[in-house]
Amino acid sequence: MIDKIEFRPVTPENWHDFEKLFESRGGPKSCWCTVWRTVEASSTAERPVAAKKREMKRRISSGEPVGLLGYVDSEPVAWCSIAPRDTYRASMSDVMEGDETRNAWSIVCFFVSRPYRGQGLFQKLIKAAEAYAATKGERP
């Protein structure tokens, strides 16, 4: 069980850590966690991996919340996509009863590097995501 893990929101400053994790062996480099994100109407067809990566970098560079990275000894080893629900596709961002007074956040994706699987990181990612949303005054 991993005792010490640090979670940080993905920002332009740690883009390279995000990129490193996603491009690592077994990483989610084929989707760049864009599957559930809103895209321009003209971009609904399957997009090349490089376009997905550019889209995620653009979102991060603009300051849009996209998720959290988990670090063990300064190495990125885990990912959780948590963001305002309206940054995801319409099918996921429909207004639900009770949403009028708050902006709901959604968790849609997780990734843990193979050497760190089976050590409780999934549960830690969920707790960190809940805490992160709370710092924004929201609830996942």
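Some points to look at:
- When each of D86, D94 is tested for being more than 16 Å from A133 (Cβ to Cβ), at pLDDT below 95, open to solvent by 80 Å² or more (accessible area, probe 1.4 Å) and not polar (S, T, N, Q), the lone residue that passes is D94.
- Among the criteria (1) modelled with pLDDT of 95 or more; (2) among the small types (G, A, S); (3) open to solvent by 20 Å² or more (accessible area, probe 1.4 Å), the one A78 does not fulfil is (3).
- Among residues of the stretch 72-84 that are over 15 Å from W32 (Cβ atoms), those with a beta-carbon under 7 Å from a residue that is open to solvent by less than 10 Å² (accessible area, probe 1.4 Å) and assigned to a loop (DSSP other than H, G, I, E, B) at least six positions away or on a different chain give the pairs I82/G67.
- Complete set of residues in the stretch 36-52 that are modelled with pLDDT under 75 and not in a loop (DSSP other than H, G, I, E, B): A41, S42, S43
- Test: residue in the stretch 23-35 that is in a helix (DSSP H, G or I) and modelled with pLDDT of 95 or more: yes
- Filtered residue count, the stretch 18-36, keeping only those that are farther than 20 Å from I107 by Cα and touching a strand residue (DSSP E or B) at 6+ places or on another chain (Cβ under 8 Å): 1
The values are calculated or read from the model by the stated rules, or taken from the named source; none is laboratory data. This structure is a prediction, so every number in the text was calculated from the model and none was measured. FYI the Cβ positions are ideal-geometry reconstructions off the backbone, even for glycines, and counts take in every protein chain you see. To get the accessible areas, we keep the full protein, side chains included, count just its heavy atoms, and leave off ligands, DNA and RNA. Shrake-Rupley method; radii C 1.70, N 1.55, O 1.52, S 1.80 Å.
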